[in-house]
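Bear in mind these aren't lab numbers, they're just calculated from the coordinates by the rules spelled out. It should be emphasised that the depicted structure is a prediction, and the values quoted were computed from it without experimental measurement. Note: ideal-geometry Cβ built from the backbone for every residue, glycine included; neighbour counts use all protein chains shown.
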């Protein structure tokens, strides 16, 4: 497997660990609908959170969260809409970005709540 795929998987695992430690229940990982994928779907009480995880091992070109494109936002929202209707979710939702920096042996997690508004 390519190094960037391994980095992405490691970042998603770190994001899931972080969210779990902060009281979120992990509902599903890598939810797919058509061409869209949601990295993590988590729940806290009656709040459903769709989280996009971005991981970088080098910050030369910017922070991880800066790499969430307009196209990606639209794809995540489309998949989230499908998930909401398929699971008859009737409560609040939120879209977050979990930015993971893996620089050398340093790990930094930045949780950006309500990132798509």
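Observations, loosely collected:
- Evaluated over the stretch 1-69, the Cα radius of gyration and Dmax, each in Å: 12.9, 39
- Estimated FRET transfer efficiency when R0 is 22 angstrom, pair residue 113-residue 58 (beta carbons, to 0.05): 0.30
- Exposure proxy ranking for 44, 106, based on other Cβ atoms within 10 angstrom of each Cβ and starting from the fewest, stands as 106, 44.
- Taken over the chain, the alpha-carbon convex hull comes to 108 cubic angstrom per residue.
- Residues 88, 39, 114 arranged by fewest to most Cβ contacts within 10 Å: 88, 114, 39
- Cα-only Debye scattering, the stretch 43-107: base-10 log of I(q)/I(0) at q = 0.29 Å⁻¹: -1.22
- Once both labels are positioned 7 Å from their Cα atoms along Cα-to-Cβ, the gap between residue 74 and residue 28 label points is 2.3 nm.
- For the chain, the longest principal axis of the C-alpha atoms and the axis of helix 70-86 are separated by about 40°.
- Rounded to 10°, Cα long-axis angle of helix 3-21 versus longest principal axis of the chain: 60 degrees
- The chain - share of DSSP beta bridges that are antiparallel (%, nearest 5): 65 percent
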